[in-house]
Amino acid sequence: MRPLATALLGAAGGLVVGLTSVGSGSLIIVVLLALYPALRANDLVGTDIVQAIPLVAAAALGHAFFGDLHLDIAAAVLVGSVPGVLIGARLSSRAPAGLIRPALVVVLLASALKLFGLPAVAVGLIAGAAVLVATVVGLRRYLVTRSAAAEPA
């Protein structure tokens, strides 16, 4: 474990989440992947989510305190989010690590494109192309590994 680097990540992540609401997952997971490359992406996703609970709660309380909260919108988002999170956590815990990293790339790419102001159609097309490329690369890697394992020694 790298306590100082991880604590600095937490401080920077908390600042970014408090300012923008972006970061509890999208930014922190990227740095965790860099800090702890030996850990499976699935484990880092779980770790990131657990740290996000108090981080997001603190940010939510701060914004509620300063009057920047629309509880009706937050409640509506939660109605769909909670079942989605439960399904996603179950899938992530069972998915191969080689699937989680490309999924993170596609989600972060789509988020970045939308933050740059691209229309939803363009974001969808580019993200779809990224999924296609990731699928082809992953399939190729799988076939090469499988054929290398099948070759007699």
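The values are calculated or read from the model by the stated rules, or taken from the named source; none is laboratory data. On a predicted model such as this, the values are computed, not experimentally measured, just so you know. Each accessible area value is taken on the protein alone, full model and side chains, heavy atoms only, with ligands, DNA and RNA left out. Shrake-Rupley method; radii C 1.70, N 1.55, O 1.52, S 1.80 Å.
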task = Pairs of Cα atoms under 8 Å, at least six residues apart: use those to get the relative contact order of the chain, whole percent.
result = 18
task = Once you've got the GNM for the chain with C-alpha springs shorter than 10 Å, pick whichever of Pro96, Pro54, Pro83 has the biggest mean-square fluctuation.
result = Pro83
query = Ignoring any ligand, DNA or RNA, what whole percent of the accessible area of segment 1-128 comes from carbon and sulfur when the probe is 1.4 angstrom?
reply = 79
query = Most mobile of Ala59, Ala127, Ala75 per a Gaussian network model of the chain (Cα springs, under 10 Å)?
reply = Ala75
inquiry  = Keeping every protein chain present and rolling a 1.4 Å probe, give me the accessible area per residue for the chain in Å².
reply    = 70
remark   = In whole µm²/s, the translational diffusion coefficient that Stokes-Einstein assigns to the chain, given a Kirkwood hydrodynamic radius over C-alpha pairs, 37 °C and 0.692 mPa s, equals 184
remark   = Relative to the chain, whose Cα atoms define the longest principal axis, helix 97-115 and its Cα axis are tilted in degrees, nearest 10, by 50
remark   = Applying the gyration tensor rule to the Cα atoms of segment 52-127 (axes a ≥ b ≥ c; rounded if a/c under 1.5, else prolate if a/b exceeds b/c, else oblate), the class is oblate
task = Quick one: angle between helix 120-150 and the longest Cα principal axis of the chain, in degrees between 0 and 90, rounded to 10, please.
result = 40
remark   = Mean projected area (nm²) from the convex hull of Cα positions in segment 100-152 is 3.6
